[in-house]
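The values are calculated or read from the model by the stated rules, or taken from the named source; none is laboratory data. All values reported here derive from a predicted model rather than from experimental measurement. FYI the Cβ positions are ideal-geometry reconstructions off the backbone, even for glycines, and counts take in every protein chain you see.
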């Protein structure tokens, strides 16, 4: 999983051709810590098809504010520089999977 | 065949696993979230042995202790539970597992308000996890709905970020520990609105206003930036229903003081279990105690004994 920041977000997410799944998280958030291994597994499963990264909301206020994150974990899939899907709260693996599959089918 | 399968990996499930390991029961433990609801707890100050520590940290210690006995939480998604001739079968997406006994410890989920605007504004100011989302409300005004420990601790946590916290509770007194209520009342940023209810959450892009059932300071509408819903839980007993385990009118699994359900060989522990004649009290320590007793009962059951009553001879 790539560490995304206010500085590299444009390069690593918005300018990328592939869909990019971004996990907004923080160390103080229990459900984020539960989501992390699930998302790591998905990153391996979909290697080559989708890029996966995470934003620490504590360290990256600009991106967090720009995408109006008010609840974490929030997972957003970006494609072609735009947000195309968003899931809020900690969900099961199959729900994240469904989100990715829907994006790949498009 | 395994001696035991534990379904659920919160406090109750992991405590059951630790005891099962010490009873030398061959067992598996399933759960999609190691730590369960314990991961949502902010500061835990009533678990003996620790004066104060964050829920996720305490849960990490549970996971380590389970692992210490060579047991790993299996995070497979459980499709169903069934009775088979020599015991029970647990079906996941990919495989089937058998055991002579089951401990059901799937816990509970947070309860929603089910009022207009709530669903639409989730993640846009409506939150069910104050420990997760409080820092997003720095210098803002937020409402916390509820009157239990989670609501009060949530309000206190929020008060260290927000400029004002309104706690709204439908009764005129709290269910929370008096120690928390005392701290709530000492906090100048927190305002109490008792015997009142939120009937609607309004906002376009984000939460803007809450509507109250009864006027507060002359108005039924209050401007807020966030709404934290902490109104208790609903038991996750769907899987139990498939087995034919008896539940009470609220969906909690009925158990004896030895944590036995109506089905021989099936035990339940933690937040989804309701002990006959017991009180509604769901804590880290009660879940841990339930798990320990369930494991001890499984041990006795596998030896062909009924759980030893703790009274009488």
Scan the stretch A:87-98 for residues that are more than 10 Å from every other protein chain (Cβ to nearest Cβ) and touching a residue at least 40 places away in the same chain (Cβ under 8 Å) and jot them down. A:96, A:97
Would you confirm whether or not the stretch B:172-189 contains a residue that is in contact with a helix residue (DSSP H, G or I) (Cβ under 6 Å, 6 or more places away or on another chain), outside the structural domain of residue B:45 (by TED's automatic domain parsing), over 26 Å from residue A:57 (Cα atoms) and in a strand (DSSP E or B)? no
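This table checks each residue for (1) at the interface with chain A (Cβ under 8 Å from one of its Cβ atoms); (2) surrounded by 18 or more Cβ atoms within 10 Å (Cβ to Cβ); (3) part of a strand (DSSP E or B).
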residue	(1), (2), (3)
B:101	no, yes, yes
B:114	no, no, no
B:131	yes, yes, no
B:136	yes, yes, no
Selection over the stretch A:68-82 where residues are surrounded by 18 or more Cβ atoms within 10 Å (Cβ to Cβ) and within 13 Å of chain B (Cβ to nearest Cβ) yields a count of 8
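Of all residues in the stretch B:28-45, count the ones that are over 29 Å from residue B:81 (Cβ atoms), touching a helix residue (DSSP H, G or I) at 6+ places or on another chain (Cβ under 7 Å) and modelled with pLDDT of 90 or more.
Counting residues in the stretch B:28-45 that are over 29 Å from residue B:81 (Cβ atoms), touching a helix residue (DSSP H, G or I) at 6+ places or on another chain (Cβ under 7 Å) and modelled with pLDDT of 90 or more gives 1.
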Suppose we filter the stretch B:52-92 for residues that are touching a helix residue (DSSP H, G or I) at 6+ places or on another chain (Cβ under 6 Å) and in a loop (DSSP other than H, G, I, E, B); how many remain? 2
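So which residues in the stretch A:19-47 are farther than 26 Å from residue B:35 by Cα and without any contact (Cβ under 8 Å) to a residue 60 or more places away in the chain?
Kept after step one, since they are farther than 26 Å from residue B:35 by Cα, are these residues of the stretch A:19-47: A:19-20, A:46-47.
If the condition is that a residue be farther than 26 Å from residue B:35 by Cα and without any contact (Cβ under 8 Å) to a residue 60 or more places away in the chain, then A:20, A:46, A:47 are the ones that fit.
What number of residues within the stretch B:1-27 satisfy the criterion of being modelled with pLDDT of 95 or more and in a loop (DSSP other than H, G, I, E, B)?
Restricting attention to the stretch B:1-27, the residues satisfying the condition of being modelled with pLDDT of 95 or more are B:2-27.
Next cut, in a loop (DSSP other than H, G, I, E, B) only: B:8-10, B:23-26.
Final tally of qualifying residues: 7.
Can you tell me which residues in the stretch B:32-43 are free of Cβ contacts under 8 Å to residues at least 60 places away in the same chain and more than 9 Å from chain A (Cβ to nearest Cβ)?
Narrowing the stretch B:32-43 to residues free of Cβ contacts under 8 Å to residues at least 60 places away in the same chain: B:32-35, B:39.
Once the filter is applied, which keeps residues that are free of Cβ contacts under 8 Å to residues at least 60 places away in the same chain and more than 9 Å from chain A (Cβ to nearest Cβ), the stretch B:32-43 yields nothing.
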What number of residues in the stretch B:138-152 are surrounded by 22 or more Cβ atoms within 10 Å (Cβ to Cβ) and modelled with pLDDT of 95 or more? 8
Which numbered condition trips up residue B:203, out of (1) within 30 Å of residue B:32 (Cβ to Cβ); (2) more than 28 Å from the chain's Cα centre (by Cα)? (1)
Residue in the stretch B:202-218 that is surrounded by the most Cβ atoms within 10 Å (Cβ to Cβ), counting only those that are touching a strand residue (DSSP E or B) at 6+ places or on another chain (Cβ under 8 Å) and in a strand (DSSP E or B): B:210
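Yes/no matrix, rows are residues, columns are (1) touching a helix residue (DSSP H, G or I) at 6+ places or on another chain (Cβ under 9 Å); (2) part of a helix (DSSP H, G or I):
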position: B:250; (1), (2): no, no
position: B:258; (1), (2): yes, no
position: B:271; (1), (2): yes, yes
position: B:277; (1), (2): no, no
position: B:289; (1), (2): yes, yes
Mind checking which residues of the stretch B:138-153 are within 13 Å of chain A (Cβ to nearest Cβ) and touching a strand residue (DSSP E or B) at 6+ places or on another chain (Cβ under 7 Å)? B:140, B:142
In the stretch B:51-65, the residues that are away from every other protein chain (no Cβ under 13 Å) and in contact with a strand residue (DSSP E or B) (Cβ under 7 Å, 6 or more places away or on another chain): B:52
Within the stretch B:116-129, residues part of a strand (DSSP E or B) and free of Cβ contacts under 8 Å to residues at least 12 places away in the same chain come out as B:122
Lone unmet requirement of (1) in a helix (DSSP H, G or I); (2) within 11 Å of the chain's Cα centre (by Cα); (3) within 14 Å of chain B (Cβ to nearest Cβ) for residue A:43: (3)
Please work out which residue is surrounded by the fewest Cβ atoms within 10 Å (Cβ to Cβ), limiting yourself to the stretch A:52-67 and to residues that are at pLDDT 95 or above and assigned to a loop (DSSP other than H, G, I, E, B). A:59
I'm told residue B:152 meets every condition in (1) assigned to a strand (DSSP E or B); (2) without any contact (Cβ under 8 Å) to a residue 40 or more places away in the chain; (3) closer than 21 Å to residue A:28 by Cβ except one. Can you identify the failing condition by its number? (1)
Determine, yes or no, whether residue A:85 is assigned to a strand (DSSP E or B), in contact with a helix residue (DSSP H, G or I) (Cβ under 8 Å, 6 or more places away or on another chain) and surrounded by fewer than 19 Cβ atoms within 10 Å (Cβ to Cβ). yes
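Conditions (1) in contact with a helix residue (DSSP H, G or I) (Cβ under 9 Å, 6 or more places away or on another chain); (2) under 30 Å from residue B:142 (Cβ atoms), marked per residue:
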position: B:228; (1), (2): yes, yes
position: B:243; (1), (2): no, no
position: B:265; (1), (2): yes, no
position: B:300; (1), (2): no, no
